[in-house]
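The values are calculated or read from the model by the stated rules, or taken from the named source; none is laboratory data. Keep in mind it's a predicted model, so treat the numbers as computed, not measured. Because the Cβ atoms are built from the backbone with ideal geometry, glycine has one as well, and the counts that use them run over all protein chains shown. With ligands, DNA and RNA removed, areas are computed over all heavy atoms of the protein, side chains included. Shrake-Rupley method; radii C 1.70, N 1.55, O 1.52, S 1.80 Å.
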Amino acid sequence: MSRIGRMPVVIPQGVEIKAENGLVTVKGPKGTLSQQVGKDISVKIENNEVILTRANDQKEVRAQHGLYRALIHNMVEGVTKGFEKALVINGVGYKAQMQGKKLVLNIGYSHPIEIDPPEGITIECPSLTEVVVKGFDKTVVGQVAANIRAKRVVEPYHAYGIRYKDEYVAMKEGKTAGK
């Protein structure tokens, strides 16, 4: 049996979960999220816990068992605590700032790059070289952070560009003088 799939998801105070016709809906203080669950996985809610069981032991169904449990756990965590991704900007003259709800990046192009956050996502700039993406949907937070990072990927010689705060950049050695 899946080690992750068999663990119950504890429902915290203030969170409401409904499971009907393969659709799991989680409602909490920060928002509402929904996830379609595969037909081979059944979802039961009892004693303030969500328990997932699978119909058979096929490899594909075993994989889905852990996947859907993890997705439901992330939804519960998202509507209670929320998620955030931190980005760091490195480069001469590179900076980020907020103009209203828009993020404006000056990252070495001839023009500033403006990014409008989607619904449910907030972007903050604690300093000129830091960007924090926050929201209650883990996949959307990760995608928005990845889209910001893709505007100027870190180059390996000087480490100029946008990277995640906890990302390691493998540096390359520059040219050396010949013999």
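Here are a few things to note about the model shown:
- As for the range 59-78, it holds no residue that is among the polar types (S, T, N, Q), more than 24 Å from the chain's Cα centre (by Cα) and modelled with pLDDT of 90 or more.
- Only listed residue being part of a strand (DSSP E or B) and at pLDDT 95 or above, chosen from VAL144, VAL133: VAL133
- The set of residues from the range 114-136 being touching a residue at least 12 places away in the same chain (Cβ under 8 Å) and open to solvent by less than 50 Å² (accessible area, probe 1.4 Å) comprises ILE115, PRO117, GLY120, ILE121, ILE123, CYS125, VAL131, VAL132, VAL133, GLY135, PHE136.
- In the range 137-157, the residue that is most open to solvent (accessible area, probe 1.4 Å) out of those that are in contact (Cβ under 8 Å) with a residue 12 or more places away in the chain and out of contact with any strand residue (DSSP E or B) (no Cβ under 8 Å at 6 or more places or on another chain) is TYR157.
- VAL88 vs. criteria within 29 Å of VAL144 (Cβ to Cβ), at pLDDT below 95 and open to solvent by less than 90 Å² (accessible area, probe 1.4 Å): no
- Count - residues of the range 95-114 that are touching a Leu at 6+ places or on another chain (Cβ under 9 Å) and closer than 17 Å to LYS134 by Cα: 2
- Considering (1) open to solvent by 60 Å² or more (accessible area, probe 1.4 Å); (2) among the β-branched types (Val, Ile, Thr); (3) more than 30 Å from VAL26 (Cβ to Cβ); (4) assigned to a strand (DSSP E or B), the lone condition that ILE162 does not fulfil carries the number (1).
- Any hit, the range 23-37, residues being open to solvent by less than 60 Å² (accessible area, probe 1.4 Å), within 15 Å of GLN64 (Cα to Cα) and not in a loop (DSSP other than H, G, I, E, B): yes
- Each residue in the range 80-115 was checked for being farther than 22 Å from GLY142 by Cβ and of a type in the set (D, E, K, R), and 1 pass.
- Filter result for the condition that a residue is modelled with pLDDT under 95 and either in a strand (DSSP E or B) or in contact with an Asp or Glu (Cβ under 9 Å, 6 or more places away or on another chain) (or both), over TYR157, TYR168: TYR157
- Every residue from the range 103-114 that is within 27 Å of GLY31 (Cβ to Cβ) and either modelled with pLDDT under 95 or of a type in the set (Asp, Glu) (or both): GLU114
- Restricting attention to the range 38-62, the residues being surrounded by 14 or more Cβ atoms within 10 Å (Cβ to Cβ) and either outside any strand (DSSP E or B) or out of contact with any helix residue (DSSP H, G or I) (no Cβ under 7 Å at 6 or more places or on another chain) (or both) number 8.
- Checked against (1) part of a strand (DSSP E or B); (2) more than 30 Å from VAL10 (Cβ to Cβ); (3) acidic (Asp, Glu), GLU84 passes all but a single condition, namely (2).
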